[in-house]
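Q: Quick one: structure below, then a few questions.
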Amino acid sequence: MIRPAQINQLRKELHGHITDSEDAREYFSTDGSIFKITPSAIIYPRDVEDVQKTVTYAAYEAAEGSSFSLIGRGKGTDQAGAALGDGVMVVFPAHMNKVKRLTKDTVTVQPGVIFGELQKILHTHKRFLPPYPSSIDYASMGGAVANNTAGEKTYKYGATCDWVESLKVVLDDGSLIETKRISRRELNRKKGLMTREGEIYRKVDGLIQDHKGLIAETQPKTSKNSAGYRLGAIKGAHGSFDLSQLFIGAQGTLGLVTEITFKTAPYDPRTNLVVGYFDSLEKAGEAVLKLQKLKPSAMEVVDYYLLEFLQKHQPESLKGVLPEGDLPRIIILVEFDNPSHMRQNILGRKAQRILKNYVVSQRATTDHREQQHLWKIRHSAAAVIWMNDGPKKALPIIEDGCVPVEKLPDFLNGVYKMLQKHKLEIAVWGHAGDADFHMQPFLDLSKTKDRKTVFKVMDEFYEMVIS
């Protein structure tokens, strides 16, 4: 906890604003998760110097035996409590929210820039940043780096870690470094520095060398991994070394990122969309494995329980989206965004031929307006279930489990059995191509029974995912 005297000292040193007002602390005590932790003070840094001064002062006080923690914060959309802490919260969007440079194929931003606003700027230059999350309109770019954000385009384009060119990071002693992929020769030069930066390069390289086998054998066999501390991704071809990969996904625990340069990709809004309606999970799983070979740009899934919820609470959103008859067990939306529209159409027709053997019905379209209508049930899923009336709310307690794609049917069947056992309603949607799902059971945390159920469900879910 920070003391009033420490707050006053920081107030004298910073260009930005620091407050310990009750209202501000209360506001930043929650994020997109179910947790609540009240910070002791809030800093709105105006520039990189403010971040350096804050960290330097915190390091000095820690050495004097009067430590307080620092928590980097964007817009607080994280659903695992990563934007929370009882120390001093460093909030970037207030001032450090500028797009600094835009080149033909890169963009450099401060951490407080909002993903959706950046994407609109890039679109005007016929570029885009592929690993956008469903919270694109609210999430900050610093947060995207902090949790290695991924989304519907990750299946084809990868996660945030694949799109970071370089970072500027304030280390725990207040020094500012730049990280990017460097050659073996440049690595040796870095290791020779008699600074905190040099020490980190020496120790991290030593750690990787000493535990090469262990690091290799413990990598999860999934297409997505936001667990952080990605030691296996630092060393590249010919001895290249990228310390950025250690900061991406580390949730601000190893340093505070003050600037990010991203690579960008060509953007064309015209795509080919094929939608399959299935009556069984097993058929959907088999179809996904075959559709993968076509390398679609997105392969998203919506399940029966989400459709049932929408039919009950927002039936107008399903008009013109579903086939006649019973609700499908699962819907898969397959998108192709190849630069050649002829290639898009060829792949779309191949996807239809694959789906024909598995689905109850299907539809395909290249019309942008019709595509937006079909995507609506997937893109609005989280917002819709959060509007549920009554005491039970959809809770992000078992979000984003990711398994090998061939295990998709087993995974979802396991989830359904677990939730039926605890008599819980649930909605499931997510990324079929990565076998990565959002699933939010409805619970009333004012009831002791439901609070106990949270821990049982979490334990059972994590055990199943790891298995």
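The values are calculated or read from the model by the stated rules, or taken from the named source; none is laboratory data. Please read all numbers here as calculations on a predicted model, not as lab measurements. Virtual Cβ from ideal backbone geometry, glycine too; neighbours counted across all protein chains shown. Note: accessible area is taken over every heavy atom of the protein model, side chains too, but ligands, DNA and RNA are not part of it. Shrake-Rupley method; radii C 1.70, N 1.55, O 1.52, S 1.80 Å.
Q: Check Val113, Val90 and return the single one that is open to solvent by less than 70 Å² (accessible area, probe 1.4 Å) and in contact with a Gly (Cβ under 6 Å, 6 or more places away or on another chain).
A: Val90
Q: I'd like to check something: does the range 283-290 contain any residue that is of a type outside the set (D, E, K, R), surrounded by fewer than 23 Cβ atoms within 10 Å (Cβ to Cβ) and outside any strand (DSSP E or B)?
A: yes
Q: Separate question: Out of the residues in the range 232-253 that are over 28 Å from Val403 (Cβ atoms) and touching a residue at least 24 places away in the same chain (Cβ under 8 Å), state the one that is most open to solvent (accessible area, probe 1.4 Å). Full working, then the answer.
A: Keep residues of the range 232-253 that are over 28 Å from Val403 (Cβ atoms), which gives 237-241, 243.
Then drop every residue that is not touching a residue at least 24 places away in the same chain (Cβ under 8 Å), which leaves 238-241, 243.
Details: His238: 167, Gly239: 13, Ser240: 16, Phe241: 0, Leu243: 1 Å².
Restricting to residues being over 28 Å from Val403 (Cβ atoms) and touching a residue at least 24 places away in the same chain (Cβ under 8 Å), the top hit is His238.
Q: Hey, another quick one. Which residues, counting only those in the range 346-368, are in a helix (DSSP H, G or I) and open to solvent by 60 Å² or more (accessible area, probe 1.4 Å)?
A: Residues of the range 346-368 in a helix (DSSP H, G or I): 346-356, 368.
The answer is Arg349, Lys350, Gln352, Arg353, Lys356, His368.
Q: Among residues belonging to the range 40-73 that are part of a helix (DSSP H, G or I) and touching a Phe, Trp or Tyr at 6+ places or on another chain (Cβ under 9 Å), point out the one that is nearest to Lys168 (Cα to Cα).
A: Among residues in the range 40-73 that are part of a helix (DSSP H, G or I) and touching a Phe, Trp or Tyr at 6+ places or on another chain (Cβ under 9 Å), the one nearest to Lys168 (Cα to Cα) is Val51.
Q: Select from the range 1-39 the residues that are of a type in the set (A, V, I, L, M) and outside any loop (DSSP other than H, G, I, E, B) and write down the one among them that is farthest from His95 (Cα to Cα). Before you say what the answer is, go through the steps one by one.
A: First pass over the range 1-39, keeping only residues of a type in the set (A, V, I, L, M): 1-2, 5, 7, 10, 14, 18, 24, 34, 37.
From the residues that got through so far, the ones that are outside any loop (DSSP other than H, G, I, E, B) too are 5, 7, 10, 18, 24.
Values: Ala5: 25, Ile7: 20, Leu10: 17, Ile18: 13, Ala24: 16 Å.
Checking each candidate, the answer is Ala5.
Q: Checking the structure you have, find out if any residue of the range 115-125 is under 26 Å from Thr19 (Cβ atoms), modelled with pLDDT of 95 or more and acidic (Asp, Glu).
A: So far as the range 115-125 goes, yes, one or more of its residues are under 26 Å from Thr19 (Cβ atoms), modelled with pLDDT of 95 or more and acidic (Asp, Glu).
Q: Exactly one condition in (1) among the polar types (S, T, N, Q); (2) more than 21 Å from Leu419 (Cβ to Cβ); (3) more than 28 Å from the chain's Cα centre (by Cα) is false for Gln311; which is it?
A: Of the numbered conditions (1) among the polar types (S, T, N, Q); (2) more than 21 Å from Leu419 (Cβ to Cβ); (3) more than 28 Å from the chain's Cα centre (by Cα), the odd one out for Gln311 is (2).
Q: For the range 140-162, how many residues meet the condition of being among the hydrophobic types (A, V, I, L, M, F, W, C), touching a helix residue (DSSP H, G or I) at 6+ places or on another chain (Cβ under 8 Å) and modelled with pLDDT of 95 or more?
A: Summing the residues that are among the hydrophobic types (A, V, I, L, M, F, W, C), touching a helix residue (DSSP H, G or I) at 6+ places or on another chain (Cβ under 8 Å) and modelled with pLDDT of 95 or more in the range 140-162 gives 4.
Q: May I ask you to list the residues in the range 173-231 that are basic (Lys, Arg), more than 16 Å from Gln245 (Cα to Cα) and either buried (at least 18 other Cβ atoms within 10 Å of the Cβ) or touching a Cys at 6+ places or on another chain (Cβ under 8 Å) (or both)?
A: Those that are basic (Lys, Arg), more than 16 Å from Gln245 (Cα to Cα) and either buried (at least 18 other Cβ atoms within 10 Å of the Cβ) or touching a Cys at 6+ places or on another chain (Cβ under 8 Å) (or both): Lys190, Lys191.
Q: Quick test of your reading of the structure: Gly198 fulfils all but one of (1) free of Cβ contacts under 8 Å to residues at least 12 places away in the same chain; (2) more than 30 Å from Gln110 (Cβ to Cβ). Name the failing condition by number.
A: (2)
Q: Sort through Met458, Met439, Met387 and tell me the only one that's part of a loop (DSSP other than H, G, I, E, B) and within 23 Å of Ser134 (Cβ to Cβ).
A: Met387
Q: Can you say whether Tyr277 is farther than 20 Å from Thr154 by Cβ, in contact (Cβ under 8 Å) with a residue 24 or more places away in the chain, among the aromatic types (Phe, Trp, Tyr) and part of a strand (DSSP E or B), as far as the supplied structure shows?
A: yes
Q: Of all residues in the range 287-325, count the ones that are free of Cβ contacts under 8 Å to residues at least 40 places away in the same chain, under 23 Å from Leu412 (Cα atoms) and not charged (D, E, K, R).
A: First pass over the range 287-325, keeping only residues free of Cβ contacts under 8 Å to residues at least 40 places away in the same chain: 293, 304, 308, 311-312, 315-316, 319, 324-325.
Then drop every residue that is not under 23 Å from Leu412 (Cα atoms), which leaves 293, 304, 308, 311-312.
Still in the list and also not charged (D, E, K, R): 304, 311.
Here the count works out to 2.
Q: A follow-up question, please. Counting just the residues of the range 229-258 that are in a loop (DSSP other than H, G, I, E, B) and more than 19 Å from Arg181 (Cβ to Cβ), which one comes out farthest from the chain's Cα centre (by Cα)?
A: Thr253
Q: Additional query: Restricting the range 383-396 to residues that are under 27 Å from Asn225 (Cα atoms) and in contact with a strand residue (DSSP E or B) (Cβ under 7 Å, 6 or more places away or on another chain), which is surrounded by the fewest Cβ atoms within 10 Å (Cβ to Cβ)?
A: So, considering only residues that are under 27 Å from Asn225 (Cα atoms) and in contact with a strand residue (DSSP E or B) (Cβ under 7 Å, 6 or more places away or on another chain), the one surrounded by the fewest Cβ atoms within 10 Å (Cβ to Cβ) is Trp386.
Q: Here's something else I'd like to know. Answer yes or no as to whether Asp78 is open to solvent by 10 Å² or more (accessible area, probe 1.4 Å), closer than 18 Å to Phe247 by Cα and modelled with pLDDT of 95 or more.
A: no
Matching residues to (1) touching a strand residue (DSSP E or B) at 6+ places or on another chain (Cβ under 8 Å); (2) within 30 Å of Lys392 (Cα to Cα); (3) surrounded by fewer than 17 Cβ atoms within 10 Å (Cβ to Cβ):
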{"position": "Met1", "(1), (2), (3)": "no, no, yes"}
{"position": "Ile7", "(1), (2), (3)": "yes, no, no"}
{"position": "Glu13", "(1), (2), (3)": "no, no, yes"}
{"position": "Ser33", "(1), (2), (3)": "no, yes, no"}
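Q: Tally up the residues in the range 438-467 that are open to solvent by less than 90 Å² (accessible area, probe 1.4 Å) and not acidic (Asp, Glu), please.
A: So the count comes out to 15.
Q: Looking at the range 423-436, which of its residues are assigned to a loop (DSSP other than H, G, I, E, B) and closer than 21 Å to Asp389 by Cα?
A: Within the range 423-436, Lys423, Leu424, Glu425 qualify.
Q: On to the next question. Tell me yes or no: at least one residue of the range 294-303 is among the basic types (Lys, Arg), open to solvent by 60 Å² or more (accessible area, probe 1.4 Å) and at pLDDT below 90.
A: So far as the range 294-303 goes, no, none of its residues is among the basic types (Lys, Arg), open to solvent by 60 Å² or more (accessible area, probe 1.4 Å) and at pLDDT below 90.
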